[in-house]
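So the structure is just underneath, and the comments pick up after that.
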Amino acid sequence: MKFNNSNKMGCSITITKEDIPKDIPKETNQINIRREIRQGHQKHQYVHNSFDNKTKYTKYKDDYRIDLSKQYKNGYDSDPETTSKDNNDENYLEIKYKNIKEGNKDNNNNDNKEKDKKKKKKKKKIKYKHKLEELEKKMKTLLEKEKSIEKKEKKQKEKEEEFKINSDKFENNRKNFDKQKKEKLEPFEQKIKELNKKENNLEQEENIYFPKKKPIIIGLNNIGATCYMNASLQCLSNTKELTEYFLNNYKEKNIKKHIIAHEYYELIKNLWDEKNNNKPYSPYPFKEVLSKENSLFAGIQANDSKDLINFLIERLHQELNIIKENKIIENINQINQMNENEMLKLFINEFTSQYNSIISKLFYGMLETKSQCKGCNVIKFNFQLYSFLEFPLQQVNQYYFNNGRRPLFTPDGKNPDVDLYECFEYYRKIDLMNGENQMFCNICNKLCDTFYSTTLYSGPNYLIINLNRGRGAVYECKVNFPEQLNIFNFVTFKQGITAYELYAVICHLGPSSDSGHFVAYCRNRIDNKWYLYNDAFVNLCTRPKQYTEGMPYILFYKALKNED
């Protein structure tokens, strides 16, 4: 045995075979030999594991263990460091000690990993604790909300119970009040019945001595697809001022020039003749003259009431107009340079100097048009007359659909309703005239994109409105129109006529504009009651606003001059 103290970290011992006691039996595979060596207050422990000439050392904290391993012949791999004969024992121990130090480092790393795992577990526990706390808070808030909802429900139930109690009390009080009221009013009701009987008796006596005049309601016979003509003539004949003019003031100065006017005069005399006893009249003479003057109305083919009314108004104005010469303005450049007020004065002067007939006084109003060129931004004003307003119902619905104000169809698949005031709003919209619709600008001297709008400047005494449902297949939709019409918000000249009252309606019955049937609802100019004129048949309207039941096609309004 040799003892070397050269290693700074400890001591190295070399044990040979001679140092092993001979008393140890060979059968034992492991013999523990302990020695205590005190040096620097450290304890060392040596373990002798096998019978061999060389040893292996491992260090655990302050102990040294000596392993004596024997090379077995049964196939176990031998350590090259132990089998090499060239290596010295001291070098072998130093190398082995280094390996021991590295093993200690690996143990330390494993300890650190375990510590890290513990820390991670602690962090996870902390996170779970926070989550549990948050969940508990949420549960508390939910419970509080549930409690508050339960309280509200209780309060509502209490209020409902109180309301039921109060309603029962109110019904009982009302029944008692009705009973008392009936008891008090019974004697008065009997007196009223007696007075009504006396009045009826007096009326019967008056009718015996002073008989009342029957209303003049004469129908027109259909003489071959002339329902459109009959309905139009009935509405014009119930235009009070026009009929009174022909009955009282019309003079036949020149029959050759007053062709249509003369025949219309003869027609009105027959329609308002008391001697006819409300027998239907056949308008053959008027139809013959009408067919000669306008081939559109010749034959027995169906036509449109709108076309006939337009033709009659224009032709009657031409024949009854006192001023026959039309002045032409030559300086067009001066007109283009005028502002709005100057254009208005010029137009009024032209109108008064060229239009003077009963038709122009009753049916003509003024339109104002504005056009602004996109190239030069110059705004031009113009004025023109109108006797007929036309509102295309399908385009009105499409306009409001494009603006997102209504669906294109109802849930039932029908067209939505149209309001008459919506038609007035659509009429004054601003259009961009571009592409093929470009307008000529005198300043730019070419066709330009132009903003164009038309507004009502003033209203006529009698306003005629056509609710255009298209050609061919009729555009079916309900139109809401008032009996009292106010166009104050749609007229530029506010001091003029803005309030109107409905007095006639033409309705079209049938799926197509080329066929079907026309009827007229008119308020009689004498008794002021509504009647249905269906060709030769004239009946009193038994239901209020019965004229709204069909599809209204043309509306006739008269001005309310006494109202502000």
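Summary of values
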read-out: Some residue of the stretch 509-521 being among the aromatic types (Phe, Trp, Tyr) and either within 27 Å of Asp273 (Cβ to Cβ) or buried (at least 20 other Cβ atoms within 10 Å of the Cβ) (or both); value: yes
read-out: Scan of the stretch 454-477 for residues that are touching a residue at least 60 places away in the same chain (Cβ under 8 Å) and over 26 Å from Leu560 (Cα atoms), ordered by number; value: Arg469, Gly470, Val474, Tyr475, Glu476, Cys477
read-out: Among (1) exposed (fewer than 10 other Cβ atoms within 10 Å of the Cβ); (2) at pLDDT 80 or above; (3) basic (Lys, Arg) - the single one Lys184 does not satisfy; value: (2)
read-out: Check on Ile554, aliphatic (A, V, I, L, M) and part of a loop (DSSP other than H, G, I, E, B); value: no
read-out: Helices (runs of 4 or more DSSP H) wholly inside the stretch 343-435 containing at least 1 residues that are of a type in the set (Gly, Ala, Ser); value: 358-363
read-out: Subset tally (residues that are in contact with a Lys or Arg (Cβ under 9 Å, 6 or more places away or on another chain), basic (Lys, Arg) and modelled with pLDDT under 90) for the stretch 492-528; value: 1
read-out: Any hit, the stretch 419-434, residues being of a type in the set (S, T, N, Q) and either over 30 Å from Asn238 (Cα atoms) or at pLDDT below 85 (or both); value: yes
read-out: Any hit, the stretch 386-399, residues being under 20 Å from Phe493 (Cβ atoms), touching a Lys or Arg at 6+ places or on another chain (Cβ under 8 Å) and either without any contact (Cβ under 8 Å) to a residue 60 or more places away in the chain or assigned by TED's automatic domain parsing to the domain that holds Gly459 (or both); value: yes
read-out: Output for the stretch 273-289, where each listed residue is in contact with a helix residue (DSSP H, G or I) (Cβ under 9 Å, 6 or more places away or on another chain) and among the polar types (S, T, N, Q); value: Asn276
read-out: Condition broken by Phe451, with the remaining ones in (1) surrounded by 16 or more Cβ atoms within 10 Å (Cβ to Cβ); (2) free of Cβ contacts under 8 Å to residues at least 24 places away in the same chain; (3) among the hydrophobic types (A, V, I, L, M, F, W, C) satisfied; value: (2)
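The values are calculated or read from the model by the stated rules, or taken from the named source; none is laboratory data. Just so we're clear, the structure is a prediction, and the values are computed from it rather than from any experiment. Reconstructed Cβ throughout: ideal geometry from the backbone, glycine too, with neighbour counts over all protein chains shown.
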